[in-house]
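The values are calculated or read from the model by the stated rules, or taken from the named source; none is laboratory data. No experiment lies behind these values; they were computed from the predicted model shown. For neighbour counting, all protein chains shown are included, and Cβ atoms are generated from backbone atoms with ideal geometry for every residue, glycine included. Surface areas here come from the heavy atoms of the whole protein model, side chains and all, with no ligands, DNA or RNA. Shrake-Rupley method; radii C 1.70, N 1.55, O 1.52, S 1.80 Å.
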Amino acid sequence: MKDFYQPLIESTEIIKLLRQQRQLKPFCQQVLQKKVIDKAAEERRLTVTPEEIQVAGDKLRREKRLEKAADTIAWLAEQMISVEDLEAGICYQILSQKLAEQLFAKDVEKIFVQSKLQFDQIILYQIIVANLQLAQEIFYEIQEGEISFFDAAHLYDIDESRRHLCGCEGKVYRWGLKPDIAVAVFSAKPGEVIRPIETERGYHLFMVEKFIPAELTPERYQEILHNLFNEWLANEVNYLLYNCKV
């Protein structure tokens, strides 16, 4: 806590407020997570070099547009932290990433292959209307070439924002769709309009513009890695708490 807050706020008051706002448990869990990571990293002799901290610090300053030393000092003061606090936080982030890599890098590709279908994407268009008769009429009109899918979406969709987008939902993951809808749209051909499907939202007409097969991109690699690491970390914290109770 910065010195100018010291006369106004005591550490006991912070803990009391965290309790009252039911935020103490999440905060304590973060403390325990750090203990687990520090211990696991020490056991594996993982370290962070000053050069790595410098590179990460420079990246942070670019992201925050802290071009001058004075800008950085002002930002640190606003955040109520010191340079040492910032560097310690950066060190912890790098150490966490190194630990995650050592523990689970070998498993990422296997997990990706096992669940590859769930990472498939499509560029999807849809129309939702309130009743089946209208949905069927729109379907047959599109089939007969009397109206395009895009014009029908612009005229009939119950959602105003989707009407303006002519039915475009953009990129959608397979796992983001209900199972029956996923089967229907991923079995269709690009440009094919799917017969009306009923949900609690109404009657849907779908059209797939493009299929995007799953790839293990750097972003997806990190997503899978962090999911594995966070699951491990939660288990380690629970184990720590259990032993403490015992």
Highest GNM mean-square fluctuation, the chain, Cα pairs closer than 10 Å: which of Cys91, Cys28, Cys168? Cys28
Figure the gain on full extension for Thr199 and Glu223 (residue separation times 0.36 nm, minus the Cα-Cα span) and round it to one decimal in nm. 5.6 nm
Pairs of Cα atoms under 8 Å, at least six residues apart: use those to get the relative contact order of the chain, whole percent. 22 percent
Helix 11-20 vs. the chain, principal-axis angle (Cα, 0 to 90°, nearest 10): 30 degrees
Of the cross-linked pairs Lys110/Lys178; Lys59/Lys178; Lys34/Lys59; Lys34/Lys116, which ones have a Cα-Cα span greater than 28 Å in the structure shown? Lys59/Lys178; Lys34/Lys116
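Expressed in nm to one decimal, what extension gain is obtained for the pair Ile158 and Glu101 from 0.36 nm per residue of sequence separation less their Cα-Cα distance?
15.9 nm
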Where labels lie 7 Å past Cα in the beta-carbon direction, separation of Phe186 and Ser82 in nm: 5.4 nm
To the nearest 10 degrees, how steeply does helix 69-79 sit against the main Cα axis of the chain, on a 0 to 90 scale? 80 degrees
Which value, in Å² and to the nearest 10, is the accessible area of Val193 when all protein chains are kept and the probe is 1.4 Å? 20 Å²
Go ahead and run the numbers for FRET between Val55 and Asn238, Cβ-Cβ distance against an R0 of 30 Å, rounding to 0.05. 0.30
Rounded to 5, the percent of DSSP beta bridges in the chain classed as antiparallel: 100 percent
Choice from Gln93, Gln21, Gln79 showing the highest fluctuation, given a GNM over the chain with Cα pairs closer than 10 Å: Gln21
Report, by chain and number, residues whose modeled amide H sits under 5 Å from the one on Gly202, excluding near sequence neighbours (fewer than 5 apart, same chain). none
Would you please give the residues with an amide H less than 5 Å from that of Ile212, counting only those at least 5 places away or on a separate chain, with H modeled from the backbone geometry? Gln121, Ile122, Ile123
Rounded to the nearest whole number, the per residue volume of the convex hull around the C-alpha atoms of the chain in Å³ is 229 Å³
Report the FRET efficiency, 1/(1 + (r/R0)^6), for Ala130 and Lys171, where r is their Cβ-Cβ distance and R0 is 41 Å, rounded to 0.05. 0.95
Accessible area per residue in Å² at 1.4 Å probe, computed on the chain: 68 Å²
Which of rounded, prolate or oblate describes the stretch 183-246 when judged by the alpha-carbon gyration tensor and an a/c cut-off of 1.5? oblate
Compute the long axis of helix 24-43 from its Cα atoms, compare it with the longest principal axis of the Cα atoms of the chain, and write down the angle in degrees, 0 to 90, nearest 10. 70 degrees
